[in-house]
């Protein structure tokens, strides 16, 4: 069997890896447009400072990434976050520590007393019964109140999706939260029930020694010559036996095709094959985001936590600041500190597309406004993602039904990326394993 995989991000690499184990006799070729694999999972080192172009790790509260790491024999690369990473902050005009317990929540100055009482009244809010999708904003206003939603949920969605509560479907973007209401009638009831059932500690934030890029290099090394970087696929066609791909001067025929690229890239390739499927894929929206890395020596602010997120009400040009060298000390040389500033998203999309110099100035203004730091960094790093993070808007679940139903009607086609069922590393690892399993078993991809 000949298998072509288009896209060398973590979804494509993990799918290829699993297929080498499930189908050891198959010919597998992975085509990646960029000169290096990994997609957004890339680590850049400058003068001893390490900057992530995208995400910086994963939580162990789900098993999927750890299982992938273990299967790939990369346990020695694992790096646990520092204990300080549990401390997180929100800036809404002033910097406040995110409360981690009920007493801390009651003592926090992030919300007024009436707003706190409204949150506590969540146990009396009846569950929604109509079953349709709902924005996170509507869900939050209904169950927890406007103040909590506009502070905590607003900052959370900026940090995870570079989005806003009004732009996300709670059922698609936060299915576990929606399930608490659906299965238990409310959030507090659901959390108590799950705590009784799943006694034990929560997840720990993990990464990799030397940055996430070290794990990408490890996976790519296992796949060896199967990975072809600098090879953009420009055309697809159905054949009697399967699929034909055009990648520069190379024509490759495959029995099975895995599109592990962003939804908009998959749409462009599939448009001549199935215009309806391509239109559904193209309708998946992405938030633009820029990452600005700042390397300091002797920063005039203690870094003792994960970092901070801003609220929309703060009206700042940044979404948040990650204190990377506090989370993972190997991200900076001895005596140095590394920050990463997130800019743009759906809150201020135009800011993500500024020039590199403008982005650095915007980042420094944000660091000054939130942390009071005026020091000049000794090194900077800028990464712009014009279409960075998929935004699971209202209608996403129905769109997935149509996408995977249409894909199942094209024999040998499989879709896997963070555009469909979760954007986190754990989600990508789980989707890759499921995709490889269905392909190896000769089954069409499941709709759900």
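Throughout, read-outs are computed from the coordinates displayed, never taken from laboratory work. Computed from a predicted structure; not experimentally measured. Every residue, glycine as well, gets a Cβ built from its backbone with ideal geometry; the counts of neighbours run over all protein chains shown.
Below, the figures for the structure above:
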| item | result |
| --- | --- |
| Residues residue 109 and residue 297, FRET efficiency given R0 of 41 Å [Cβ-Cβ distance, rounded to 0.05] | 0.80 |
| Cβ-Cβ FRET estimate between residue 75 and residue 378, R0 fixed at 45 Å, reported to 0.05 | 0.85 |
| Cα-based helix-to-principal-axis angle, 213-223 vs the chain, degrees rounded to 10 | 20 |
| Translational diffusion coefficient (Stokes-Einstein; Kirkwood radius from C-alpha pairs) of the range 108-156 at 20 °C, 1.002 mPa s, in µm²/s | 189 |
| Cα-based equivalent ellipsoid, the range 382-424: semi-axes from gyration tensor eigenvalues, Å | 24, 14, 8 |
| Cα pair distances exceeding 22 angstrom across the range 313-407, given as percent | 43 |
| For the chain, calculated [θ]222 nm from helices alone, where every DSSP H run of n ≥ 4 adds -39500 (n - 2.57) | -10000 deg cm²/dmol |
| Ranked 435, 261, 373, criterion: other C-beta atoms within 10 Å, fewest first | 373, 435, 261 |
| Full-extension gain in nm, residue 409 to residue 353, via 0.36 nm per residue minus C-alpha separation | 16.3 nm |
| Global form of the range 261-360, assessed from the alpha-carbon gyration tensor, a/c cut-off 1.5 | prolate |
| Cβ-Cβ FRET estimate between residue 101 and residue 397, R0 fixed at 30 Å, reported to 0.05 | 0.35 |
| Residue-span extension gain [residue 123 to residue 45] - 0.36 nm each, minus C-alpha spacing | 23.2 nm |
| Euclidean distance between Cα centres, the range 332-383 to the range 15-60, Å | 25 |
| Percentage relative contact order, the range 239-307, counting C-alpha pairs under 8 Å, at least six apart | 17 |
| Label-point separation in nm, residue 304 to residue 244, each point 7 Å along Cα→Cβ | 6.6 |
| Of 413, 222, 168, the one that fluctuates the most in a GNM where the chain has Cα springs shorter than 10 Å | 222 |
| Degrees, to the nearest 10: 425-441 long Cα axis against longest axis of the chain | 20 |
| Choice from 180, 316, 415 showing the highest fluctuation, given a GNM over the chain with Cα pairs closer than 10 Å | 180 |
| Inter-probe distance in nm under a simple model that places probes 7 Å from Cα toward Cβ, at residue 36 and residue 61 | 3.1 |
| Coarse-grained scattering of the range 53-124 at q = 0.13, 0.15 Å⁻¹, given as base-10 log I(q)/I(0) from a Debye sum over alpha-carbon atoms | -0.64, -0.75 |
| Most mobile of 41, 342, 191 in a GNM of the chain (Cα contacts under 10 Å) | 191 |
| Order of 251, 380 under a 10 Å beta carbon neighbour criterion, fewest first | 251, 380 |
| Simple label model, 7 Å out from Cα along Cβ direction - residue 225 to residue 313, nm | 6.2 |
| Rounded if a/c under 1.5, otherwise prolate or oblate - the range 167-288, Cα gyration tensor axes | oblate |
| Computed over the chain: relative contact order in percent, which uses C-alpha pairs under 8 Å that are six or more apart | 25 |
| Between 0 and 90°, nearest 10: helix 10-22 axis offset from the chain longest Cα axis | 50 |
